[in-house]
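Peer 1: This is the structure I have questions about; it appears just below.
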Amino acid sequence: MSYLRWQPCDLCQRLTQQALCGNRLLSHVDVRRLPAQQIPMISWRCERHQGYQMREASAVHANALGDLIYSLACGHEVQSIVRGVWGYTPALIARELATRQIRLDQPQRCYLCADQERGTCG
């Protein structure tokens, strides 16, 4: 994926270096590092349009690609794209939950709830 350093915000056209990918905020460097296949949609967002709500996680699991996915109480998901040799498995998630390296009691940022609240979601 090749993105320039500065992109127009999808909501106001102001230049930004950050994007929402799924329900995660990424820098332009992080966006360039995303794998080429099966990534969530990217929405470039200026600082004014990076609002979020803190939501409790109700569950965590890994998808078939090894990405870590938190299911939030609000019904949205937060996905960490890790894949490859560092990818998550059900056994690794169970072990990290048991050792509290992964914790469900830490609220996650939900950008989708803030978009719904503002009426900017599609």
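Peer 1: Restricting the search to the range 2-43, which residues are surrounded by fewer than 14 Cβ atoms within 10 Å (Cβ to Cβ) and either in a helix (DSSP H, G or I) or in contact with a helix residue (DSSP H, G or I) (Cβ under 6 Å, 6 or more places away or on another chain) (or both)?
Peer 2: Within the range 2-43, R5, V29, R32, R33 qualify.
Peer 1: When both residues are 6+ apart or on different chains and their Cβ atoms are under 8 Å apart, which pairs have a first residue that lies in the range 106-121 and is closer than 14 Å to A19 by Cα, and a second that is surrounded by fewer than 20 Cβ atoms within 10 Å (Cβ to Cβ) and modelled with pLDDT under 90?
Peer 2: Close Cβ pairs satisfying both conditions: L112/C121; D115/C121.
Peer 1: Here is a follow-up. Return the total of residues in the range 41-74 being acidic (D, E) and in contact with a His (Cβ under 8 Å, 6 or more places away or on another chain).
Peer 2: Number satisfying all stated conditions: 0.
Peer 1: Which condition number in (1) surrounded by fewer than 19 Cβ atoms within 10 Å (Cβ to Cβ); (2) within 30 Å of G119 (Cβ to Cβ); (3) among the aromatic types (F, W, Y) is the one that Y70 fails?
Peer 2: Unmet condition: (1).
Peer 1: Residues being exposed (fewer than 14 other Cβ atoms within 10 Å of the Cβ) and either in a loop (DSSP other than H, G, I, E, B) or of a type in the set (S, T, Y) (or both): count how many of those fall in the range 81-106.
Peer 2: 7
The values are calculated or read from the model by the stated rules, or taken from the named source; none is laboratory data. Bear in mind the structure is a predicted one, so any value in this text is a computation, not a measurement. Ideal geometry is used to build each Cβ from the backbone, glycine not excepted, and the neighbour counts take in all protein chains shown.
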